[in-house]
Amino acid sequence: MQTTNPHAVLLASPGMGHFIPVVELGKRLATHHGFDVTIFVVAADASITKSPLFKPPQTPNPLNLVLLPPVDISALVDSTTSVVTQLMIMMREALSLLRAAISAMKSRPTALIVDLFGTEALATAEEFDMLKYVFITSTARFLAVTVHFPYIDEETEHKHRVMKRPLDIPGCRSIRYEDTLDRFLDPTNRIMNSSFTRVGMEISNADGILVNTWQDLEPLTLLALENEKFLGRVVKGPVYPVGPLVRPAGQSSKSEVMDWLDMQPMESVIYVSFGSGGTLSVKQTSELAWGLELSQHRFIWVVRPPVDNDVSANFFNVTNSHDGTPSYLPDGFYTRIRNRGMVVPMWAPQTEILAHQSIGGFFSHCGWNSALESMVNGVPMVAWPLYAEQQMNAAMLVEELELAVRPKIRPNTGVIRREEVAEMVRRVMELKGNEMRDKAKELQRSANQVLMQGGSSYNSLSRVSQECEVKLHHLSAMALG
Ligand code: UDP
């Protein structure tokens, strides 16, 4: 059976940082561009279905949100396997489940859209004669490095990895060693490097690449990705900037933290959070606590128990439960900050918080969703990058977009002292804050415009929709013989 709408199948890899933007993309395809949408979710276990985020959104054209049966990878990993490698293994193990699910669909899907970790599934799209797209839930800059990665020769890599020289990406700003991706820091991780090469090639061969950015935010990099003289040479299909796709505020129920925010003065609170999995060391957690206290500013801090030697240790353990023993915080901290600080264990309604008028700054690990959520709400930042491409994001937020400050050293290479923490909070909330706030407000306006009908990101998705319409007609014509 074939419907008259194009049917997009989206595949979300594990982790809220992928799931949230994939759902937002699905919503826009359904509500603004007339798609039927099915989202297959790969998760470490079934607990995600209990999250309010999993509830299919009420749109005129509702999404079909389906959790693929959880895959057991315990025999394939050990305690030394990195989070990224675990993700890749899970996605590979889920391929047969995706294939079976697509094969069983009554309405033949027109397109498959996968995120960074799902590119191996693009072969399944070919098998079912679907268009194949990749949705990069990060920056165009990250996309540029990824598609260029397979073409980096040994000498260039040596200069970057070992001699710590900047990495040149055709047509783009070069990447300083200090801001580089994790995978350039660990030359011994062969599996990760060969996987990244494969992913770079698979992305380049897609029919189109959707990126959670927008034209005015990264014009130079987007141009380089299109231009045949630069990365356009290796990228087969068009690159579509479709962002900023972020979860809108107003979907969470009332909570203590929102009640507390209601009582605070306008733009007086800094929100501190390190994403869905970021953790700090014991020492750093303590210094951060002291620094927040020292700054004398109001704050909300989403706290996770510290873990030494693994900055993404909580990645698979996101829960809303309180561990009950915040003994890793300085003695008497709760009492001393009682009137101006709020500690939220594990998870907070971030988009609601950032949209609140009492928020004046965001102390963030610079995950791309968090960065976008800050921009769409016009909130300046303290950039505290921890892993993956977050250093690159931080460099862009500080140097190009000028809406953030960052510490002098990489937060995961040494402990940042309380005085520097307090100083950065003050710079965002007082000294430099107004200038940065102006920049953030400018970006907020631009972000709103591009998503409106006729805006550049809206038009990008319209073009994807047109391609899918053409494919749909082609498939219908073939079915009729
Ligand atoms: N998030 C949230 N509450 C939290 C922590 C994170 O709602 O306490 C959401 C946040 O709004 C964002 C996502 O989880 O949409 C995290 O994605 P990001 O890319 O910022 O970081 P990642 O978790 O992938 O490192």
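Side notes on the structure shown:
- Spacing of the modelled spin labels on Lys55 and Asp129, each 7 Å from Cα toward Cβ, amounts to 4.1 nm.
- Separation of the Lys432 and Arg417 label points, Cα + 7 Å toward Cβ, nm: 1.9
- Per-peptide packing, taken as the mean over residues of other Cβ atoms within 10 Å, places 118-128, 449-459, 171-181 in the sequence 118-128, 171-181, 449-459 from highest down.
- Theoretical FRET efficiency, 1/(1+(r/R0)^6), r = Cβ-Cβ of Lys441 and Lys408, R0 22 Å, to 0.05: 0.20
- Efficiency of FRET between Lys229 and His473 - r from beta-carbon atoms, R0 56 angstrom, step 0.05: 0.95
- Between Ser253 and Ser194, the contour length at 0.36 nm per residue exceeds the Cα-Cα span by 16.8 nm.
- For Gly378, residues with placed amide H under 5 Å, excluding near neighbours: Gln444
- For the residue pairs Lys132/Lys471; Lys27/Lys55; Lys27/Lys106, alpha carbon separations beyond 18 Å are given by Lys27/Lys106.
- Gln466 versus Val66: modelled label distance in nm, points set 7 Å from Cα along the beta carbon direction: 3.1
- Prolate/oblate/rounded label for region 382-481 (Cα gyration tensor, a/c 1.5): oblate
- Angle in degrees between helix 16-33 and the longest Cα principal axis of the chain, rounded to the nearest 10: 50
- Remark on Glu267: its backbone amide H falls under 5 Å from those of Ser358, Ile359, a criterion applied only to residues 5 or more positions apart or on other chains, H modelled at 1.01 Å from N.
- Shape class for the chain, computed from the alpha carbon gyration tensor (a ≥ b ≥ c): prolate, with a/c not under 1.5 and a/b above b/c.
- Among Leu11, Val41, Ala30 the positive-end extreme of the charge dipole of region 1-122 (Cβ point charges): Ala30
- Protection proxy ranking of 36-49, 264-277 - average other beta-carbon atoms within 10 Å, highest first: 264-277, 36-49
Computed from the coordinates by the stated procedures, all read-outs in this text should not be read as laboratory data. On a predicted model such as this, the values are computed, not experimentally measured, just so you know. Glycine gets a Cβ as well: all are built from the backbone with ideal geometry, and neighbour counts include every protein chain shown.
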